[in-house]
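The structure under discussion appears below in the form of C-alpha cells.
The values are calculated or read from the model by the stated rules, or taken from the named source; none is laboratory data. Keep in mind the model is a prediction, meaning the values are calculated, not measured. Here Cβ is always computed from backbone atoms with ideal geometry, including for glycine, and neighbour counts include all displayed protein chains.
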Amino acid sequence: MFNRIAFRYDLLNHLLSGGIDISWRKKAIRELFSISPQKILDVATGTADMPIMMTKYLKCQKIIGIDISEGMLNLGRKKIDKLNLSDNIELLVGDSEAISFPDNSFDAITVAFGVRNFEVLEKGLSEMLRVLKPNGKLVILEFSKPKNSFFKKLCDLYFRFITPGLGKMISNNKEAYQYLDKSVEAFPEGNDLVAILNKIGYRNCYHKPLTLGISTIYCGIK
C-alpha cells in the first residue's frame, strides 16, 4: 500500500494537515534537545522527512532511517541526495519488529506517524528499547483522537470522508487513506500508550497532546 502511494505521500501529508505536520515534527525533535544525541534511529522513516528535519535542529553525527517500503525509501534517498545529506543520513530497508542492529546502538529513536502501523505494537516498542543505549530517549509522534466532543466529530468527518476523497483524487488510492482513519481509531493513545511504554520497561514516560489532541508526542527513557 505504501509503495503505491509513495509518489504523492509528501504532498498529501502536507495538504491534508494544512502544513501543521511540519510544526508537529519540530516539536517532537525538540524533545531530543536535552540529550544532544549523536546517533539516531528513525523507525518507519517513510520518505525521510524526520531525518532531514533533524539535521537542521540537531548537531548529530549519524541518522539511520528504516522502513519496510522500498518505494518510500527510494523517494527519501532522492531528497537526501538533492540536499547533499548522504554523509549524515542513511536509509535502509528494515522491520520495526526485528531491528537489525545490536543492543545499545542508538542515543535516540524517533517514530513519526508510523507506530500505529506496527503489526505487533509491543514487539516493536521492545525492539526499540533493545537498541537504545542506556539513558537513550524514545520520541513517538502519532495521530490521536481529540477529547473535545465537537472537535472530535469534525475530525471524524474529515478523516472518514475528506481524506479518502483527496487521497483518491491525488494518489488514485482511496483505500490507503481509509486505512488512516481505521488505524487512528484502533490505536491505543494517551495514558494507554504511556502505560504500555512503562510495562515494556521505559521510564520517565510522558505524553504531550498537540493541536487540541489531533496528534500526540510520547517519550520514554531507557
Task: The one condition in (1) at pLDDT 95 or above; (2) loosely packed, with under 13 Cβ neighbours inside 10 Å; (3) of a type outside the set (Asp, Glu) that Arg30 fails to fulfil - done: (2)
Open item on the list: Being aromatic (Phe, Trp, Tyr) and either without any contact (Cβ under 8 Å) to a residue 40 or more places away in the chain or within 28 Å of Pro51 (Cβ to Cβ) (or both) is the filter here; which residues of the stretch 118-160 pass it?
Closed with: Phe118, Phe143, Phe150, Tyr158, Phe159
